[in-house]
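To start, the structure under review is shown below, and the notes come after it.
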Amino acid sequence: MVLNVLKRLLTPVSFVILFRRKAVSQGVQRVDRFHSPMRRLCSVALIVALAWMMPNSTAFAQGGQTIIRDAEIEGIIRAYSTPLFVAAGLDPKSVNIRLIQDSTLNAFVAGGRNIFIHTGLLLASKDPNALIGVIAHETGHIEGGHLSRTRNAIEGASMVQLIGTLLGVAAAVGSGRSDVGQAVIMGSQSAGQRIFMKYSQTQESAADQAAMRLLEETERSARGLEGFLSQLGDQEILNPRLQDPYAQTHPLSRERIDTLRAYIATSPYSDKPPSNEDVEAHAIMVAKLFAFINPFIQTMRKYPETDQSFAARYARVIAHYRKPDLKTALPLLDELIHEMPRNPFLLELKGQMLFEHARPQEALEAYRKSYELLPDEPLIIMELARVELEVGTPELIDQSIEHLSIAHHLGAANAFSWRQLGIAYGRKGEMGLSSLALAESEYRTGQLANAQYHAGRAVSLLKTGSREHLQAQDLEEAIKVAMARRAAAKK
């Protein structure tokens, strides 16, 4: 099945950073936040200035996709995935796993070693093995180089640009018209490159074979994957607009499912249940996602007071916090922390709750404890840095700069974190470094004119020949190239 050739991509997709309180400087658009520490300060809403086709709708609507960032959930999925990556001969650090807030069932590989998973798939997964089976299949696509033909085309595209393109793919598939998909992509003003994505029965069968081998090597049951594919197989009789995207982008066949069932009949691990640790982690992940995505009443119905499991109590804490009812949520959270004092994610959530209710000093204490327990998690480091900047004493501003720099070194840089760093340097009076950071932020959002201004200012203020001065010059050149490409694409 070929998802059409996606033609021109223009300038980077516009997006805004979601964060808890107010826009910290002019030029950052404030929107209603996604109520979750999952989006953290790194959460990116792809506010696509275009219409896109929902898989279960016949009408176009203004919409967007949110990439959710949450250290705890990403850690759980990473723990599930790492053995599979190792078995496939991949460096686990080279594979990015990103969550998309979308109720449909979907997971896909795009742009090389990037696995995208919809929250709908996570919530629908009945146990860890179902999710692990899907990840094994997607890992098979990476291992087999099934997207290698697109690698050069999308090498320079950012993750945000890639998602904008995929929205166009969804529009084309959902409507059955390639011109619709092309119009959506052109409307998104993404970078000027061509992207061609193709999923075939051959590739899907090859990925299935790889998944079975990877599950065998990691001593995992394939029953979860078989159950998931069988569930999607029932959708083949539906109108394409009513199908989940996974069924559209991963064409199914009776032969594929029969082959998987034949393997299950002979595998010594088919009846091996997931470990208690994996089951508990899966329950926590689902509870956390459900409570942040759904209204209070739905969460309380799914996780009633009679359910005293950790996952259920965790969900109720989040439900009360989102209501918002901090007087109820905070004591419930403190009970969980008392039971698990070395759980960094509970302390992280406490920090968020306190910060959002204008108690920054208490939030700072909670974030510091979380950071001490998990010092290499960039999302927690960036949250800590944001609170330090908000409190704003000279010592804490220095610490904020240090922590933002550490997070960037760990690969977690994004437009909002660069803006935070620019603000921090500005408060110290280091205007050259401030302009350099702000230029990085504007460049990442596609605001090229603003980026050019700040980069030029940085070049003029920073010491000639210094590392930062050279960085500003390099960025200035990159901005000029991007502006030239944008101008050429508009002709």
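Values quoted throughout were computed directly from the atomic coordinates according to the rules given, and no laboratory measurement underlies them. This structure is a prediction, so every number in the text was calculated from the model and none was measured. Ideal geometry is used to build each Cβ from the backbone, glycine not excepted, and the neighbour counts take in all protein chains shown.
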*Which FRET efficiency value, to the nearest 0.05, is calculated for E339 and H409 with the Förster distance at 41 angstrom and r the Cβ-Cβ distance?*
0.75
*asked:* Using Cβ counts within 10 Å as a stand-in for footprinting exposure, how do E255, E138 rank, fewest first?
replied: E255, E138
*asked:* Can you tell me the length gained on complete extension of the stretch D271 to T202, counting 0.36 nm per residue apart and subtracting the Cα distance?
replied: 22.0 nm
*Sorted from fewest to most neighbouring beta carbons within 10 Å, what does the list M285, M340 look like?*
M340, M285
*Once the piece of chain linking E477 and D91 is laid out straight, how much longer is it, given 0.36 nm per residue of separation minus the C-alpha distance between them?*
135.7 nm
*Please identify every one of the GluC sites (Glu not before Pro) in the range 258-343 that sits in a loop by DSSP and has no more than 10 other beta carbons within 10 Å of its own beta carbon.*
E305
*Grab the Cα-Cα distance for A262 and K490, subtract it from 0.36 nm times how many residues apart they are, and report the gain in nm with one decimal.*
76.7 nm
*For a paramagnetic label modelled at 7 Å from the Cα of A358 toward its Cβ, which residues of the range 283-324 fall within the zone defined by backbone nitrogen distances under 14 Å?*
none
*Which trypsin sites (Lys or Arg not before Pro) from the range 69-138 combine a DSSP loop assignment with at most 15 other Cβ atoms within 10 Å?*
K126
*Compute the separation of the alpha-carbon centres of the range 262-316 and the range 386-436 and state it in Å as a whole number.*
38 Å
*Report the local net charge at D474: Lys and Arg +1, Asp and Glu -1, summed over other residues whose C-beta lies under 12 Å from its C-beta.*
-2
*Can you sort E440, E204 by how many other beta carbons sit within 10 Å, fewest first?*
E204, E440
